[in-house]
1. Working from Cα positions, state the angle (0 to 90°, nearest 10) between the long axis of helix 20-43 and the longest principal axis of the chain.
2. How far is helix 94-104 tilted off the main Cα axis of the chain, in degrees rounded to 10, range 0 to 90?
3. Between the stretch 1-41 and the stretch 56-87, how many Å separate their Cα centres?
4. Kindly express, to the nearest 10 degrees and within the range 0 to 90, the angle between helix 55-78's C-alpha long axis and the longest C-alpha principal axis of the chain.
5. Quick one, can you get me the convex hull of the C-alpha atoms of the chain expressed as volume per residue in Å³?
């Protein structure tokens, strides 16, 4: 949960590095919150069957765009890659697979051109 809060605190910081655990903790917690909000939208009848979207989940996903881009950008910095490689999400299937492989790659142990190795928080 600390990583999730840290990612929202550093929501527009695109420089530096983020550890693998920070990225995946943020992604997991964000996905769980999104699923709960979608279920809340469906249960409270503010869900649009026509557009398959709800009010609470829409606001949440809009609020998560910049923090999720920033943490994935910093995660790519952590393995020594440019943050621009985040744009691989725009390449169907092959880009998604390649980006997932990069996001699962272990951190560089030493300092790289993007900064020092991030410290895990508990």
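Each value in this text was obtained by applying a stated rule to the coordinates, not by laboratory testing. As the structure is a prediction and not an experimental result, all values here were calculated from the model.
1. Approximately 0 degrees, to the nearest 10.
2. Helix 94-104 sits at roughly 60 degrees to that axis.
3. First find each Cα centre; the distance between them is then 9 Å.
4. 10 degrees
5. Measuring per residue, one finds 107 Å³ for the Cα hull of the chain.
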